[in-house]
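Enquirer: If you scroll down you'll find the structure; I have some questions about it.
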Amino acid sequence: MQPLFKIILCHILNPKSDKSCDFVKNAALVLKRSKDGYKVVEYGREKDILPQYASKKSIEVMDTLGKVVMPSFFDTHFHWVQDDVRLMPKKNLLQWLINYTWPYEAKFKDKSYSKSKAQKFAEELASVGTLGGACYASIHAHTVDDALKYFVGDFVVGNVLMTMESPDYLTQTKKQAISLVKKQTKKFKEKYAVTPRFAPTTHPDVMEQASKLARENKSFIQTHLSETENEIDYVMGLYKNIEGYEKVATYTDIYKKAKVLGPKTIMGHGIYLSKDEMKTLSKTRTSIAHCPTSNAPVKQLGLGSGLFNFKFAEKHGVDWSLASDIGGGPFVSMFDVMQSFVAQNRAAKVSGATYTKALFRATVAGARALKMEKKAGSFEAGKFGNFIVVNTPKDLTGGAEKVLERIVSSQRKSRKKYDAMVEQTFYRGECIFQRD
């Protein structure tokens with residue numbers, strides 16, 4: 001029988017907002033068993049917490065030996081079927097898709113290949129502490145089944161819809177696309193995301209019918225928006241020749257007309273948006289998944305798309321969260337994503353891109369995008385005990401921001417090492433990953 005209480009002795013970092021993060025040295029995190037798993041009761045200084053539980057009979061104490069515990073991550077935009085192309089040459093988004101990404105995704109037609117890759121990627125997610133997110137699979141139905149079967153955590157996954165402007169080997173008929181959405185939204189409900197790959201690959205009437213099915217089944221919607229200026233030119237040039245869309249003014253308006261936007265819709269990237277487009281996203285309560293490592297310059301292993309203006313989004317009341325965009329992004333670790341967010345904005349002399357903000361946008365904001373903020377993302381009482389354990393920096397002075405900076409920036413010169421930073425990952429109070 002599992003103990004009623006679990007107490008983790010550690011140093012705690014707990015994100016509260018863009019400007020606030022609790023840092024408690026020599027702390028205790030208290031979890032209590034529920035029918036769904038362990039949930040947070042409270043946290044505080046070890047010397048204050050432990051005496052309150054000394055008389056409890058069903059209790060387990062875990063001493064991390066002075067390591068740091070923080071909430072596990074949400075990654076709100078990634079393609080699990082692009083794992084092997086993330087380090088391929090990326091001088092141009094559309095050419096990268098044509099030359100590397102689409103041929104690789106075609107391999108997932110093979111069910112045994114998909115299953116094997118899903119098991120491997122699931123292990124990778126657990127090892128970097130990502131226990132939730134919004135994920136793109138391929139056009140093949142079983143790639144969603146495999147992801148939701150093997151990924152541990154709170155993930156929303158969808159099959160990309162590709163009915164036009166796509167290679168023959170990855171093109172669906174309209175009927176096939178709608179049939180797939182109908183089946184998957186009914187089967188997976190809120191765990192499914194209707195996923196037009198992006199406007200140029202999905203007929204607008206398909207997007208409209210699929211979005212209707214998403215709303216009927218309480219599913220999510222995810223797609224790409226304004227990642228590069230070339231992409232925008234391509235999309236607008238295409239849609240001016242589509243009946244009913246000839247006079248649509250912006251990329252965002254295409255999605256608005258196709259009824260894609262809404263509070264359960266996550267737009268990947270959103271770099272090149274006008275004031276009117278931001279207002280449209282705000283009014284429809286559509287959120288943005290910002291992917292700094294993918295948008296980074298080519299020399300930083302990104303696609304060179306540009307810098308997302310988070311202040312512009314916030315000014316217009318558009319919520320956003322951080323994401324890796326595997327395989328546009330090179331590494332799965334959200335620590336790498338957080339460091340990239342801070343470093344790129346500092347290089348551009350943009351104020352406000354702090355490590356505190358980065359952690360909040362990789363945890364609480366991600367949970368919020370997936371309507372899970374009452375269940376996960378931080379150590380508020382009643383939320384599930386989802387957390388990671390990482391090594392403690394030698395210097396613990398200066399408060400949460402300084403401690404976070406020392407942790408997050410530690411591998412910036414050897415980014416692959418970010419994938420090995422997490423020592424243990426806990427989901428609902430149970431250890432699902434332990435580094436050897």
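The values are calculated or read from the model by the stated rules, or taken from the named source; none is laboratory data. These numbers come from a predicted model, not from an experiment. Methodologically, a virtual Cβ is constructed for each residue, glycine included, from the backbone with ideal geometry; neighbour enumeration extends over all protein chains shown. All accessible areas refer to the heavy atoms of the entire protein, side chains included, with ligands and DNA or RNA removed. Shrake-Rupley method; radii C 1.70, N 1.55, O 1.52, S 1.80 Å.
Enquirer: For region 320-330, indicate whether the set of residues that are surrounded by fewer than 22 Cβ atoms within 10 Å (Cβ to Cβ) and either acidic (Asp, Glu) or over 24 Å from Glu373 (Cα atoms) (or both) is non-empty. Talk me through it step by step, then tell me what you get.
Expert: Of all residues in region 320-330, those surrounded by fewer than 22 Cβ atoms within 10 Å (Cβ to Cβ) come to none.
Among the residues of region 320-330, not one is surrounded by fewer than 22 Cβ atoms within 10 Å (Cβ to Cβ) and either acidic (Asp, Glu) or over 24 Å from Glu373 (Cα atoms) (or both), which makes the answer no.
Enquirer: So, one more: Quick check on my filter: what residues within region 56-86 are charged (D, E, K, R), assigned to a strand (DSSP E or B) and more than 30 Å from His224 (Cβ to Cβ)? Let's see the steps before the verdict.
Expert: Taking region 56-86 first, the residues charged (D, E, K, R) are 56-57, 60, 63, 67, 75, 83-84, 86.
The next check asks that each one be assigned to a strand (DSSP E or B); those that pass are 60, 63, 67, 75.
Scanning region 56-86 gives Glu60, Asp63, Lys67.
Enquirer: Continuing with this model, one more query. Restricting the search to region 368-387, which residues are assigned to a loop (DSSP other than H, G, I, E, B) and open to solvent by 30 Å² or more (accessible area, probe 1.4 Å)?
Expert: Result: Lys371, Met372, Glu373, Lys374, Lys375, Glu380, Ala381, Gly382.
Enquirer: Do we have any residue at all in region 199-221 that's among the hydrophobic types (A, V, I, L, M, F, W, C) and in contact with a Gly (Cβ under 8 Å, 6 or more places away or on another chain)? Show your work before the answer.
Expert: Filtering region 199-221 for residues among the hydrophobic types (A, V, I, L, M, F, W, C) gives 199, 206-207, 210, 213-214, 220-221.
Now drop any that are not in contact with a Gly (Cβ under 8 Å, 6 or more places away or on another chain), which leaves 220-221.
The answer is yes, given that some residue of region 199-221 is among the hydrophobic types (A, V, I, L, M, F, W, C) and in contact with a Gly (Cβ under 8 Å, 6 or more places away or on another chain).
Enquirer: Select from region 305-319 the residues that are open to solvent by 10 Å² or more (accessible area, probe 1.4 Å) and not in a helix (DSSP H, G or I) and list them in ascending order. If you could, list the steps in order and put the result at the bottom.
Expert: Start the filter on region 305-319 by keeping residues that are open to solvent by 10 Å² or more (accessible area, probe 1.4 Å), which leaves 306-307, 309, 311-312, 314-317, 319.
Passing the criteria: Gly306, Leu307, Asn309, His316, Gly317, Asp319.
Enquirer: Select from region 407-431 the residues that are surrounded by fewer than 16 Cβ atoms within 10 Å (Cβ to Cβ), outside any loop (DSSP other than H, G, I, E, B) and of a type outside the set (A, V, I, L, M, F, W, C) and list them in ascending order. Can you show your working first?
Expert: Step one: of region 407-431, the residues surrounded by fewer than 16 Cβ atoms within 10 Å (Cβ to Cβ) are 412-414, 416-417, 420, 430-431.
Filter once more, keeping what is outside any loop (DSSP other than H, G, I, E, B): 416-417, 420, 430-431.
Answer for region 407-431, where residues must be surrounded by fewer than 16 Cβ atoms within 10 Å (Cβ to Cβ), outside any loop (DSSP other than H, G, I, E, B) and of a type outside the set (A, V, I, L, M, F, W, C): Lys416, Lys417, Glu430.
Enquirer: Taking only pairs six or more apart or across chains, which ones have beta-carbon atoms under 6 Å, a first residue in region 412-427 that is of a type outside the set (Ser, Thr, Tyr) and at pLDDT 95 or above, and a second residue that is open to solvent by 60 Å² or more (accessible area, probe 1.4 Å) and not in a strand (DSSP E or B)?
Expert: Glu423/Arg435
Enquirer: I've got another one for you. Every residue in region 210-269 that is free of Cβ contacts under 8 Å to residues at least 12 places away in the same chain and either buried (at least 24 other Cβ atoms within 10 Å of the Cβ) or over 24 Å from Leu93 (Cβ atoms) (or both), please.
Expert: Within region 210-269, Glu243, Glu246, Lys247 qualify.
Enquirer: Just to be sure, is Tyr169 open to solvent by 40 Å² or more (accessible area, probe 1.4 Å), under 24 Å from Ala323 (Cα atoms) and either of a type in the set (Ser, Thr, Tyr) or touching a helix residue (DSSP H, G or I) at 6+ places or on another chain (Cβ under 9 Å) (or both)?
Expert: Numbers: open to solvent by 40 Å² or more (accessible area, probe 1.4 Å): yes; under 24 Å from Ala323 (Cα atoms): no; either of a type in the set (Ser, Thr, Tyr) or touching a helix residue (DSSP H, G or I) at 6+ places or on another chain (Cβ under 9 Å) (or both): yes.
Spelling it out, it is not the case that Tyr169 is open to solvent by 40 Å² or more (accessible area, probe 1.4 Å), under 24 Å from Ala323 (Cα atoms) and either of a type in the set (Ser, Thr, Tyr) or touching a helix residue (DSSP H, G or I) at 6+ places or on another chain (Cβ under 9 Å) (or both).
Enquirer: Among the residues of region 135-166, write down those that are more than 22 Å from Ser324 (Cβ to Cβ) and either free of Cβ contacts under 8 Å to residues at least 12 places away in the same chain or among the hydroxyl-bearing types (Ser, Thr, Tyr) (or both).
Expert: Listed by number, the residues that qualify are Asp145, Thr163, Ser166.
Enquirer: Looking at region 288-303, I want the residues that are on the phi > 0 side of the Ramachandran plot and have a partner that is modelled with pLDDT of 90 or more with Cβ atoms under 6 Å, at least 6 apart or on another chain. Which pairs are those?
Expert: Cβ pairs passing all conditions: Leu301/Pro330.
Enquirer: Identify all residues within region 395-406 that are open to solvent by less than 30 Å² (accessible area, probe 1.4 Å) and either in a loop (DSSP other than H, G, I, E, B) or within 13 Å of Gln339 (Cα to Cα) (or both); write none if there are none.
Expert: Leu404, the sole residue that qualifies.
Enquirer: OK, next. Before we move on, is Gly302 in a loop (DSSP other than H, G, I, E, B) and either buried (at least 24 other Cβ atoms within 10 Å of the Cβ) or modelled with pLDDT of 95 or more (or both)? Don't jump to the end; show me each part of the working.
Expert: Working: in a loop (DSSP other than H, G, I, E, B): yes; either buried (at least 24 other Cβ atoms within 10 Å of the Cβ) or modelled with pLDDT of 95 or more (or both): no.
No, not satisfied.
Enquirer: When you scan region 304-323, how many residues do you find that are in contact with a Ser or Thr (Cβ under 9 Å, 6 or more places away or on another chain) and over 14 Å from Glu227 (Cα atoms)?
Expert: Residues of region 304-323 in contact with a Ser or Thr (Cβ under 9 Å, 6 or more places away or on another chain): 304-306, 311, 313, 316-323.
Of the ones still in play, those that are also over 14 Å from Glu227 (Cα atoms) are 311, 313, 316-322.
Total meeting the criteria: 9.
Enquirer: Mind checking which residues of region 1-51 are in contact with a strand residue (DSSP E or B) (Cβ under 7 Å, 6 or more places away or on another chain), of a type in the set (S, T, N, Q) and surrounded by fewer than 16 Cβ atoms within 10 Å (Cβ to Cβ)?
Expert: At the first step, the residues of region 1-51 found to be in contact with a strand residue (DSSP E or B) (Cβ under 7 Å, 6 or more places away or on another chain) are 2-16, 21-32, 37-46, 49-50.
Subsequent filtering for residues that are of a type in the set (S, T, N, Q) retains 2, 14, 26.
Correct list: Gln2, Asn26.
This table checks each residue for (1) assigned to a helix (DSSP H, G or I); (2) of a type in the set (D, E, K, R); (3) at pLDDT 95 or above.
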residue: Ser321; (1), (2), (3): no, no, yes
residue: Gly327; (1), (2), (3): no, no, no
residue: Pro330; (1), (2), (3): no, no, no
residue: Asn345; (1), (2), (3): yes, no, yes
residue: Lys349; (1), (2), (3): no, yes, yes
residue: Leu359; (1), (2), (3): yes, no, yes
residue: Gly366; (1), (2), (3): yes, no, yes
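Enquirer: Could you go through region 175-194 and let me know if any residue there is outside any helix (DSSP H, G or I), hydroxyl-bearing (Ser, Thr, Tyr), open to solvent by 20 Å² or more (accessible area, probe 1.4 Å) and without any contact (Cβ under 8 Å) to a residue 12 or more places away in the chain. It would help to see each step written out before you state the result.
Expert: Pass one, region 175-194, residues outside any helix (DSSP H, G or I): 192-194.
Retained after the next criterion (residues that are hydroxyl-bearing (Ser, Thr, Tyr)): 192.
Next, only the ones that are open to solvent by 20 Å² or more (accessible area, probe 1.4 Å) stay: none.
No, region 175-194 contains no residue that is outside any helix (DSSP H, G or I), hydroxyl-bearing (Ser, Thr, Tyr), open to solvent by 20 Å² or more (accessible area, probe 1.4 Å) and without any contact (Cβ under 8 Å) to a residue 12 or more places away in the chain.
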